[in-house]
Amino acid sequence: MVTPVKIVTVLFLKVCVVPCEFKLQGVLKMIKDIIPILTLFWSFWLWKVRCDSCEWVASLGLTYDLTPLQLTKGQQLQYYVVKDERYEDNATMSDQFVYKFNVCGKMLSVPSECKGSTFKWCQNIDLTTKTCSNEVALQGTGYAYQIRQTSSTSYVCHQLSNVHSNYTKLELLDPDEPAKGVVLIYKDGEWCDQYTTTKTYTHMKKTNREFRLRLECENNYYNIPDEEQVVENKCTYNVTMQSVYGCPTQCGIYGHSLCNGNGICSYDWTNKNAGCFCYWNRKGSTCEEESGAGEYLGVQPDRTKDKYMHTFQSLVSWHTDSGTDTASFVNVTYDYKLLHLAQGAYQTNDSVNPFLYYWNFLGTVPWSSLPISCQNAVNPCNVTKNPGCTNLGSNGETNGTAFQINRNNQNCNLLARGDVYSWNLYDSQHPARGVSFTYFDGGYCGNAHV
């Protein structure tokens, strides 16, 4: 006797959507064809994932999750509100710009100041003439709006996003430092072709508006967009904020603190993954465990300490396993020997002004790398010996560390001479984030009397 066997097909679907809006017709049709009776269940399940999830997997395998910042129905806030960088409490109304937006989702409702307004975006932009040949109405609620009050009861409103999710994307804040943060971009908002002039801002604008939320990875668990300023650049509106949600999820949160406040979130290019890099005496995926001094093996330099090495002693605090806060001093050593050039010099161009900079890292620039005019650069002034800073002479007898050259007339200024400099931590709260250098003893600047 053959026992009948009932074949059951189990379909597992995992949907990861950014933003929280997705066309499910194709998926639902497949489900209907396979399991008609479960269509309603799957529709509800997919809707739940769609509207509650705002995850993004970057090309390097990092995962970012902005879901906690998304405003949904039933929450206290209906939208985030931030102000333009030009906003002044006592300025005229024509200069006051306010921005309202949601994160990874449409506004829960159109702002009252924008109701009744008509918005159009350009589907076809002539890249040569910067003109629009086909303006189409934006029907529906957008993701972000700009509002300017023109009188006590009148407003001018612009929609900064499209109404469809396929005009929304996420990208890394800095591909060279993939754990540094993420940018949420709302593209193809209202067409922007007007000439705008305010007391601090003038330019021609011919493009679709765009809104960008730049989330920098920082140990700030409770920050939401509120006091951040908006910087406008040719119809692109940029908001920058520091948040733990700007960090990849591989860098864990422990006790409402990124890496337990006892490490930094970074990307490991060797192992191709992001994670918490713990300070001394700490371990674990979120630096939540005490490793014990006996387990710590400090990295020893391969040579005698010299001017290219510097050790900082920084006070670092963290949460202990028992739930209390504690702190201790941590030694952090930097070695920049490899950045020093034995021959030649670094060159840096000023993108705004006609200046070119020649400099070396913790060392002087050889004359062979400089224009001959730099031998006539003015020397520093010793105010004690020469109060009037007169008859200073030129720099021809001593090499310098940094020079500024005017590309228009080849005039050369000495910015630093010799080995007079100071080391400083880039971020004293996170001593492993890097250092900054200040070079001194530059040529006398007569205009500023320094």
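Would you call residue 262 modelled with pLDDT under 90 and touching a Cys at 6+ places or on another chain (Cβ under 7 Å)?
yes
Being at pLDDT below 75 and either among the aromatic types (Phe, Trp, Tyr) or not assigned by TED's automatic domain parsing to the domain that holds residue 376 (or both) is the filter here; which residues of the stretch 414-449 pass it?
446, 447, 448, 449
State the number of residues belonging to the stretch 325-367 that are polar (S, T, N, Q), more than 29 Å from residue 305 (Cα to Cα) and in a loop (DSSP other than H, G, I, E, B).
Going through the stretch 325-367 one residue at a time, the tally reaches 2.
Which condition breaks for residue 236 when tested against (1) modelled with pLDDT of 90 or more; (2) at positive phi; (3) among the polar types (S, T, N, Q)?
(2)
Would you mind listing the strands (runs of 3 or more DSSP E) fully within the stretch 202-264 where at least 3 residues are not β-branched (Val, Ile, Thr)?
Result: 210-217, 229-233, 236-243.
So residue 373 passes all but one of these: (1) more than 19 Å from residue 421 (Cα to Cα); (2) at pLDDT below 90; (3) surrounded by fewer than 14 Cβ atoms within 10 Å (Cβ to Cβ). Which condition number does it fail?
(3)
Could you check the stretch 131-173 and list, in sequence order, the residues that are under 21 Å from residue 54 (Cβ atoms), at pLDDT 90 or above and part of a loop (DSSP other than H, G, I, E, B)?
Once the filter is applied, which keeps residues that are under 21 Å from residue 54 (Cβ atoms), at pLDDT 90 or above and part of a loop (DSSP other than H, G, I, E, B), the stretch 131-173 yields 140, 141, 142, 143, 160, 161, 162, 163, 173.
Among what's in the stretch 237-292 and is touching a residue at least 60 places away in the same chain (Cβ under 8 Å) and β-branched (Val, Ile, Thr), pick the residue that is nearest to residue 159 (Cα to Cα).
Result: 239.
Specify the residue that is surrounded by the fewest Cβ atoms within 10 Å (Cβ to Cβ); the eligible residues are those in the stretch 175-191 that are over 12 Å from residue 247 (Cβ atoms) and of a type in the set (Val, Ile, Thr).
185
Between 167, 80, 145, 155, which is in contact with a helix residue (DSSP H, G or I) (Cβ under 9 Å, 6 or more places away or on another chain) and within 30 Å of residue 250 (Cα to Cα)?
80
The values are calculated or read from the model by the stated rules, or taken from the named source; none is laboratory data. Keep in mind it's a predicted model, so treat the numbers as computed, not measured. Note that we place each Cβ from the backbone using ideal geometry, even for glycine, and neighbour counts take in every protein chain shown.
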